[in-house]
Amino acid sequence: MELNQYLEVFIEESKEHIQACNEQLLELEKNPDDLTIINEIFRSAHTLKGMSATMGFEDLASLTHQMENVLDGIRNSRIKTSPEILDVIFIAVDHLEDMVESIAAGGDGKRDVSEAVDKLKRIEMGEHMSEPSRSETAAAIAESPGLAGFDEFELTVLKQSKDQGFGVFEITIALREDCLLKAARVYMVFEVLEKIGEIIKAVPSVEQLEEEQFDQEFSVTIVSKENPEEIKAKIMKVSEVSKTEVRDIDLEQSKQTENEREQTDAQIVEDPDKETEVARGPGKETSPVTETKSTKQTSSKTIRVNIERLDILMNLFEELVIDRGRLEQISKDLENPELTETVERMTRISGDLQNIILNMRMVQVETVFNRFPRMIRQLARDLDKKINLQVIGAETELDRTVIDEIGDPLVHLLRNSVDHGIESPEDRRKKGKNEEGTVFLRAYHSGNHVFIEIEDDGAGISRDKVLKKAISKGLVNERSAAGLTDQQVYEFILSSGFSTAEKVSDISGRGVGLDVVKNTIESLGGKISIDSAENKGTVFSIQLPLTLSIISVMLVGIANEKFAVPLSSIIETAIVKDSDIMNAHNQKVIDFRGKVVPLLFLKDVFEVPSDEQNDQFHSVILVRKGEKMAGLVVDSFIGQQEVVLKSLGNYLTNVFAISGATILGNGQVAMIVDCNALIK
């Protein structure tokens with residue numbers, strides 16, 4: 001079978017199952033006795049194991065199989081949940097994540113997981129078992145025919161086998177006390193049983209039997225058409241078997257007696273269209289267990305599409321937008337009513353098509369947010385703090401290109417909140433606060449933007465401390481510092497190399513500051529703002545554009561060149577008299593509604609050749625970056641238009657204040673102005 005064609009699906013589904021394991025393990029930590037959660041984790045691990053084995057990723061399959069054994073012990077009350085056990089399972093999930101990432105990057109997924117496997121085996125062998133011993137557990141189960149803790153899938157197989165005329169038997173086998181090679185005898189018993197029927201379950205587990213982790217007795221559940229006496233006779237032919245008991249399982253009694261367990265285990269049922277492994281004989285891969293597939297076809301309303309295909313579709317549509325602009329220009333020039341009507345109709349249809357394509361590229365921020373609860377848990381343990389992370393608005397959607405870039409800045413901000421923001425439990429108690437700190441991670445739409453906020457109820461930002469550091473670094477002088485607003489002061493912590501941490505830690509406080517976060521967000525066309533109150537908390541607010549590829553701009557003329565200014569940066573446009581322009585500190589400025597706003601003449605900034613003119617009036621575009629404003633002086637306003645943002649390529653990466661280019665309807669290239677770079 002050619003497996004490469006399934007690799008992409010395997011990677012995507014594996015990531016989903018690993019994420020589900022992480023989420024459910026965090027829930028299990030809060031509710032250690034909730035069988036529903038344990039069953040969900042077991043289901044994800046079981047599916048991942050089956051997929052990995054099918055694809056030939058042995059290390060992945062081995063680790064998930066051992067994880068599954070421990071989870072099975074937990075859900076059958078043989079192992080008691082504890083923080084230490086959960087830590088081991090978390091480590092195992094980390095290994096799984098790394099292996100899947102390796103496979104996604106073209107690797108073989110191999111990894112030394114022996115330490116994690118050994119830890120899981122020790123847990124399974126009984127170091128954390130609530131019962132006195134494995135043999136006592138096996139004996140107790142053997143004394144209860146039909147009540148061996150089957151899951152829903154196993155019960156379904158047994159019931160279907162019974163309906164088809166098969167007998168369902170539980171066989172208890174005892175080896176002689178002087179038996180030396182117990183695993184070999186078990187293997188021989190399994191060989192006999194597989195010739196006369198199908199093995200459904202073994203207690204203790206197959207792995208424990210292989211490693212001789214039992215005394216003399218073990219039990220096996222099989223389906224067979226042979227009668228109990230024939231089965232017993234064939235097993236007794238195996239040397240060193242001292243006793244064999246064959247009991248017919250009463251499925252109805254099993255269902256009634258274990259009704260409560262079935263309600264929780266029902267969630268373990270595998271997807272009806274997937275094959276499921278039930279039991280293995282020692283030294284074998286998978287037993288040819290009865291395959292049950294649902295005859296009822298479920299109607300799928302979603303499909304997986306490679307993101308590269310969506311990128312190609314987007315690129316093609318961008319070309320269509322450029323041609324649409326060209327047609328609109330030709331239509332205006334020719335003034336043909338029929339052509340004008342057709343172009344208008346095409347504009348409406350292409351507008352609808354644009355919305356559909358952009359929506360197809362939208363991804364819920366949940367895909368980024370999902371990894372944070374686990375990260376916060378680990379940080380809280382490392383820092384010996386109590387943190388409650390509240391995620392709100394995870395269903396908010398953003399363009400895939402923005403999603404790809406926003407993860408690292410959010411990690412940095414969250415680590416900053418946990419390390420610098422939230423105080424230690426002792427300090428919080430002294431301040432009269434709950435010793436558990438709360439961090440809110442919110443996302444919501446507003447207009448054509450998405451806002452992501454990180455809020456904590458910690459110590460807040462000390463204005464005096466930040467100002468003192470800013471003055472010592474020469475970012476501001478003492479005279480100017482007194483007139484700064486709180487928001488302007490807080491913005492200093494976004495400066496390069498700025499840190500107020502009193503001691504260096506592995507979490508933060510290495511003098512890196514938050515400038516990396518600021519630069520990344522601004523490169524996406526977004527902005528970050530900070531609000532804080534001492535001893536009450538801090539809010540970092542990030543504003544991001546919904547999409548980066550097709551943007552609305554104001555087209556302006558400078559001499560014979562055309563430039564595009566993104567509408568998201570523009571406050572308004574104005575005509576300014578030459579007499580209203582003043583000079584302050586060698587900078588031309590205007591008084592705009594009581595605020596002094598510096599002017600930037602774009603023809604000088606971009607060195608556009610033009611005839612010297614002494615105009616009495618100037619066309620000015622007022623733009624904003626955070627709290628700062630500037631007026632961009634241009635020769636003329638052309639109008640608003642939707643354009644396709646094209647990269648300048650690898651050779652023009654350092655062009656000042658230009659974020660890209662676009663092709664206009666007349667075929668002319670217009671540069672797109674990066675307003676953030678112009679405002680310092």
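Structure above, values below:
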read-out	value
Straight-distance crosslink candidates among lysines, where the alpha carbon sits under 16 Å from Lys469 and sequence neighbours closer than 8 are dropped	Lys503
Point-to-point label distance, Ala233-Ser114, nm (Cα→Cβ direction, 7 Å offset)	4.9 nm
Amide proton proximity set for Val589, modelled H, under 5 Å, gap of 5+	Met582, Asn583, Ala584, Leu599
Inter-probe distance in nm under a simple model that places probes 7 Å from Cα toward Cβ, at Ser523 and Lys431	3.4 nm
Ordering of 555-561, 228-234, 62-68 by packing [mean C-beta count within 10 Å, highest first]	62-68, 555-561, 228-234
Net length gained if the chain between Leu484 and Ser350 were fully extended (0.36 nm per residue, minus Cα distance)	43.4 nm
Global form of the stretch 364-545, assessed from the alpha-carbon gyration tensor, a/c cut-off 1.5	oblate
Pairwise label distance in nanometres, Ser242 with Ile196, each label 7 Å out on the Cα-Cβ vector	2.2 nm
Unit charges at the beta carbon, dipole of the stretch 181-233: most positive-side option, Ile200, Asn227, Val186	Asn227
Burial ordering of Ile199, Ile74, Ile235, Ile11, fewest other beta-carbon atoms within 10 Å first	Ile11, Ile235, Ile199, Ile74
Which of Leu358, Leu334, Leu320, positive extreme of dipole for the stretch 307-360 (C-beta unit charges)	Leu358
Distance-filtered residues of the stretch 565-601 - backbone nitrogen under 18 Å, label point 7 angstrom along Asn654 Cα→Cβ	none
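Only the coordinates and a few stated rules stand behind these numbers; no lab work does. Predicted model only: the values in this text are computed from it and were never measured. For neighbour counting, all protein chains shown are included, and Cβ atoms are generated from backbone atoms with ideal geometry for every residue, glycine included.
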